[in-house]
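**Student:** The structure follows.
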Amino acid sequence: MIIKKQGVKLMIPAIMAACAVFICALFLNYRQDLLLIESQIIPEQSVYFEAMKTTSVVVCAVAGGCLLITTAIMLIFYVKHYIDTHKKQLGILKALGYSRVKIAANFWIFGVSVLIGTSVGLCGAFCFMPWFYDIQNKDKLLPEVTLGFHAELLVFLVILPTVFFMALGIVYAIFKLKMPVLMLIKENFRSKARRTGHINNDGLFLENLKKTTLKSRKSLIFFLMFASFCYGAMTQMSLSMNDLASPVMGGMMLFIGLLLGFVTLFLAVTTVVDSNTQTIAMMKVFGYSQTDCKHAILDGYRPLSYIGFGIGTVYQYALLRIMVDVVFADMENVPTYEFDFAAMFTSLVSFVIIYEIFMVAYSAKIKKITVKEIMLRE
Amino acid sequence: MIKAKEITKSYGREQVLKGINLQINDGDFAVILGASGSGKSTLLNAISGLERPDGGSIFYDNSDISGLSDDELTKFRKNNVGFIFQQYYLLPNMTVSQNVRMGADLAQNSEYQSIIEAVGLGGKLNSYPSELSGGEQQRVSIARALAKQPRVLFLDEPTGALDEETGRQVLDYIIKLWNDKQFTIVMVTHNANIAETAKTVIRMKSGKIAEIYTNDTQKNSYEIGW
Ligand SMILES: Nc1ncnc2c1ncn2[C@@H]1O[C@H](COP(=O)(O)OP(=O)(O)OP(=O)(O)O)[C@@H](O)[C@H]1O
Ligand SMILES: [Mg+2]
């Protein structure tokens, strides 16, 4: 009864979960199968064998782990945001006399989206594996690696996350429902803690609005910075990794970077606009221009996104340095690695273009908001 | 002077405004009275430049606003009108003072503090909307609209969400401010008693104007049997 029209938004974490599980399953399964042939490895092969094992883990940790953690964090925030914004309905249901557990039980649905996502990812990985095993060993430097199924992957990548998110949604809802009914129903209830900050009544309205918009949702700052971090790190890494790893890996990095960047940016900006609909509508009623609305609501995030991109750039450089200097240290013929300015330039330019296109798109969305919309919502 | 000519507006197949003609003089206190669903809010939104009507024209003095683009309408609202709604729509993360500045900044009005005092909230400058009662919140929204120094103030059921006594107080503030400043007020209500506080009453019935009359004497909010 509570969850409707959430399909699309739940799809996004599901897609991300699918990608994360896909990458992790691919490399972890490969590693498990590698371990099975360890006994057949002759000394000449051992350096390469070790390198294969380490790269599997590194790629899995860097790409897959990054995705897994983001998906998890995103879902946690998503569940929290969803329940927080539906406090009022929860309060009404509670006031009507539904038991807490009964209301909260509705939130098992978050687990379903994880289940679907992770299952698709795992199946996808197994479909892709035969081909993947071939390219990993196309120079026949190792004995034949046979593809096996490892049940622990199913447990760790599918079942546990599903159960975790199912429980998370329900537990958080129960926790929220502990609040007195009135507090749930009263919108925007403000706890004492939040108003300790300095109140500036002197500043111009638009400047104040820009600041409070940023401050009122700190998690969004994190997400926007994270989006640009991922985009910056992953695209540059894939562009400068060409000499270091197979094109498949580079391609995967690029794909993950783009996916994470886009999805996070999309979710974050959508939330910014959605949670400020009433403010925007009232500003329009009063006669604030489109530019003013956009400036106050969206522009505060721009510098933060660029900082995120900067951190991503440094991060990927550090990571590749470590990989080259530590992981591949014992191997011969490893190409030297230097900071890739061309890659950074390409990545930055595309980032700026994409970011600004997003802002134009959301500016159009802001343009469509009318006061009628919020009046009918009551 | 606001003049509406043959205004029509439909939602889907349903015609909500069926050719409205009316005139509101400068400095008038006009009330649009009618049953729920008769099209009062729709009419108010049309003559205030919030929504464009399907047909007809709306003149402010001699300029027609019905043909303006969205941006031009926004500019028109900025320079001419103020709004107060049944739901106060204050900005939740901003203090009383910051909320009122939303209106004040548009008119470069630095005297907004005196308006907050005029509605009796001088002691609550730093409170957030969630810390105020309904009546206080509505008074903030009145201050916010007045700080903009509008030519015309539009109110859609301003006391609709308040209990009788608080509603009375809010209405009293509105009447008092109107007496002091003599701007034009257009207020929507379904309550015939509230209409007795007005100078001009425009009674609507199913999308049409049933009658327009002038009250000989304007009652104050305590004389009306609400
Ligand atoms: N955006 C909309 N979409 C569809 N129908 C609408 C819309 N807005 C208003 N209506 C319809 O138009 C009619 C008149 O609405 P309006 O809000 O003007 O009535 P009202 O006189 O203000 O009523 P109330 O006193 O209940 O506020 C109603 O039947 C309503 O259902
Ligand atoms: Mg109405």
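**Student:** Step through the table entries A:LYS211/A:LYS368; B:LYS3/B:LYS148; A:LYS368/B:LYS40; A:LYS294/A:LYS368; B:LYS78/B:LYS205; A:LYS367/B:LYS78, compare each Cα-Cα distance with 19 Å, and write down the pairs that go over it. All intermediate terms of the calculation are to be shown ahead of the outcome.
**Tutor:** Details: A:LYS211/A:LYS368 24 Å; B:LYS3/B:LYS148 23 Å; A:LYS368/B:LYS40 23 Å; A:LYS294/A:LYS368 12 Å; B:LYS78/B:LYS205 31 Å; A:LYS367/B:LYS78 16 Å.
Those over the limit are A:LYS211/A:LYS368; B:LYS3/B:LYS148; A:LYS368/B:LYS40; B:LYS78/B:LYS205.
**Student:** Which values of log₁₀ I(q)/I(0), to two decimal places, follow from the Debye formula for segment A:1-188 at q = 0.08 Å⁻¹ with a uniform point scatterer at every Cα?
**Tutor:** Calculated log10 I(q)/I(0) at the listed q: -0.37.
**Student:** Let me ask something else about it. Enumerate the helices in chain A for which the Kyte-Doolittle hydropathy averages 1.6 or more and the C-alpha atoms extend at least 18 Å along the helix's axis, using complete DSSP H runs. Working shown, then result.
**Tutor:** Values: long enough: A:7-36 (42 Å, 1.53); A:43-59 (24 Å, 0.18); A:66-85 (28 Å, 1.36); A:109-136 (39 Å, 1.39); A:160-177 (25 Å, 1.93); A:218-240 (33 Å, 1.13); A:247-275 (41 Å, 1.88); A:302-322 (30 Å, 0.62); A:341-368 (41 Å, 1.28).
Helices passing the filter in chain A: A:160-177, A:247-275.
**Student:** For segment B:1-30 and segment A:102-117, what is the centre-to-centre distance using only Cα atoms, to the nearest Å?
**Tutor:** When both Cα centres are located, 50 Å separates them.
**Student:** Which of the listed residues, A:GLY287, B:ASN193, A:LEU90, is farthest toward the dipole's positive end in the protein assembly as shown, when Lys, Arg count +1 and Asp, Glu count -1 at the beta-carbon?
**Tutor:** B:ASN193
**Student:** While we're looking at this one, here's another question. Over 44 Å apart: what share of the alpha carbon pairs of the protein assembly as shown falls there, rounded to a whole percent? All intermediate terms of the calculation are to be shown ahead of the outcome.
**Tutor:** Numbers: 65796 of 182106 pairs.
Result for the distance tail: 36 percent.
**Student:** Let me ask something else about it. Relative contact order for segment A:190-378: what is it in percent, counting Cα pairs under 8 Å that are at least 6 residues apart? Don't skip to the answer; put the middle values down first.
**Tutor:** Details: 177 pairs, mean separation 61.1, N = 189.
Normalised by residue count, the contact order of segment A:190-378 is 32 percent.
**Student:** Only four residue types carry charge here, +1 at the Cβ of Lys and Arg and -1 at the Cβ of Asp and Glu. Report the dipole size of segment A:1-188 about the Cα centre in Debye, rounded to the nearest 20. The partial results should precede the final answer.
**Tutor:** Working: 16 positive and 10 negative charges, 344 e Å.
That gives a dipole near 1660 debye.
**Student:** How large, in percent, is the carbon and sulfur part of the accessible surface of segment A:89-149 at a probe radius of 1.4 Å? Intermediate values should be presented prior to the final figure.
**Tutor:** Numbers: 2210 of 3280 Å².
Carbon and sulfur: 67 percent of the exposed surface of segment A:89-149.
**Student:** Based on Cβ point charges of +1 for Lys and Arg and -1 for Asp and Glu, what charge dipole magnitude is obtained for chain B about its Cα centre, in debye rounded to the nearest 20?
**Tutor:** Details: 24 positive and 27 negative charges, 78 e Å.
So the dipole magnitude of chain B works out to roughly 380 debye.
**Student:** Still on this structure: So which trypsin sites (Lys or Arg not before Pro) in segment A:27-119 are both in a DSSP loop and have at most 12 other Cβ atoms within 10 Å of their Cβ? Walk me through the numbers on the way to the answer.
**Tutor:** Working: sites: A:ARG31, A:LYS53, A:LYS80, A:LYS87, A:LYS88, A:LYS94, A:ARG100, A:LYS102; in loops: none.
Qualifying residues, ordered by number: none.
**Student:** Helix-derived [θ] at 222 nm for chain B: sum -39500 (n - 2.57) over DSSP H runs of at least 4, divide by residue count, nearest 500? Each step should come with its number before you reach the end.
**Tutor:** Values: 7 runs with 71 residues, N = 226.
Roughly -9500 deg cm²/dmol at 222 nm, from the helical runs in chain B.
**Student:** May I ask you to give the average projected area over all directions of the convex hull of the Cα atoms of chain B, in nm² rounded to one decimal?
**Tutor:** Numbers: hull surface 48.3 nm².
Its Cα hull, projected and averaged over all orientations, spans 12.1 nm².
**Student:** May I pose another question? Can you tell me, using C-alpha contacts under 8 Å and at least 6 residues apart, the relative contact order of segment A:78-180 as a whole percent? Please list the in-between numbers first.
**Tutor:** Working: 64 pairs, mean separation 53.4, N = 103.
Result for segment A:78-180 is 52 percent.
**Student:** Then there is this: Using C-alpha positions alone, give me the convex hull volume of segment B:1-55 per residue in cubic angstrom.
**Tutor:** Values: hull volume 4.3 nm³, N = 55.
Taking only Cα atoms, segment B:1-55 has a hull volume of 79 Å³ per residue.
**Student:** To continue, here is another question. Out of the total accessible area of segment A:218-319 (probe 1.4 Å, heavy atoms of protein only), what percent is carbon and sulfur? Let's see the in-between values first.
**Tutor:** Details: 2310 of 3170 Å².
Exposed carbon and sulfur together represent 73 percent of the surface.
**Student:** Then there is this: Can you pull out the buried accessible area for chains A and B, both sides counted, probe 1.4 Å, rounded to the nearest 100 Å²?
**Tutor:** Details: alone 19640 and 10580 Å², together 27050 Å².
For chain A against chain B, roughly 3200 Å² becomes buried.
**Student:** Can I ask one more? With unit charges on the beta carbon (Lys/Arg positive, Asp/Glu negative), name the residue among A:GLY124, B:ASN62, A:PHE175 whose Cα is farthest towards the positive pole of the charge dipole of the protein assembly as shown.
**Tutor:** Of the options given, the answer is B:ASN62.
**Student:** Compute a Gaussian network model of chain B, connecting alpha carbons closer than 10 Å, and tell me which residue from B:GLU196, B:GLU157, B:GLU165 fluctuates the most.
**Tutor:** Greatest mean-square fluctuation among the candidates belongs to B:GLU165.
**Student:** What figure, in Å² to the nearest 10, do you get for the accessible area of A:ARG302 with a 1.4 Å probe and non-protein molecules left out?
**Tutor:** About 60 Å², rounded to the nearest 10.
**Student:** Relative to the Cα centre, what is the charge dipole magnitude of chain A, using +1 at the beta carbon of each Lys and Arg, -1 at the beta carbon of each Asp and Glu, and rounding to the nearest 20 debye? Intermediate values should be presented prior to the final figure.
**Tutor:** Details: 34 positive and 24 negative charges, 646 e Å.
Taking the Cα centre of chain A as origin, the dipole is about 3100 debye.
**Student:** Evaluate Rg over Rh across segment A:190-378, taking Cα atoms for both radii and Kirkwood's formula for Rh. Intermediate values should be presented prior to the final figure.
**Tutor:** Working: Rg = 20.8 Å, Rh = 18.7 Å.
Here Rg/Rh amounts to 1.11.
**Student:** Roughly speaking, what is the centre-to-centre gap between segment A:243-282 and segment B:193-213 when only Cα atoms are used, to the nearest Å?
**Tutor:** 54 Å
**Student:** Which of A:SER113, A:SER46, A:TYR133 sits closest to the plus end of the dipole of chain A, meaning its Cα is farthest towards the positive end, when Lys and Arg get +1 and Asp and Glu get -1 on the C-beta?
**Tutor:** Farthest along the dipole direction, towards plus: A:SER113.
**Student:** Accessible area of A:TRP108, 1.4 Å probe, to the nearest 10 Å²?
**Tutor:** 120 Å²
**Student:** In percent, what relative contact order does segment B:1-152 have, based on Cα pairs under 8 Å that are 6 or more apart in sequence? Numbers along the way, then the final one.
**Tutor:** Details: 220 pairs, mean separation 32.4, N = 152.
The value is 21 percent.
The values are calculated or read from the model by the stated rules, or taken from the named source; none is laboratory data. Owing to the predicted nature of the structure, the values given are computational and were not obtained by experimental measurement. Cβ coordinates were reconstructed from backbone atoms using ideal geometry, including for glycine residues, and neighbour counts include every protein chain displayed. Surface areas here come from the heavy atoms of the whole protein model, side chains and all, with no ligands, DNA or RNA. Shrake-Rupley method; radii C 1.70, N 1.55, O 1.52, S 1.80 Å.
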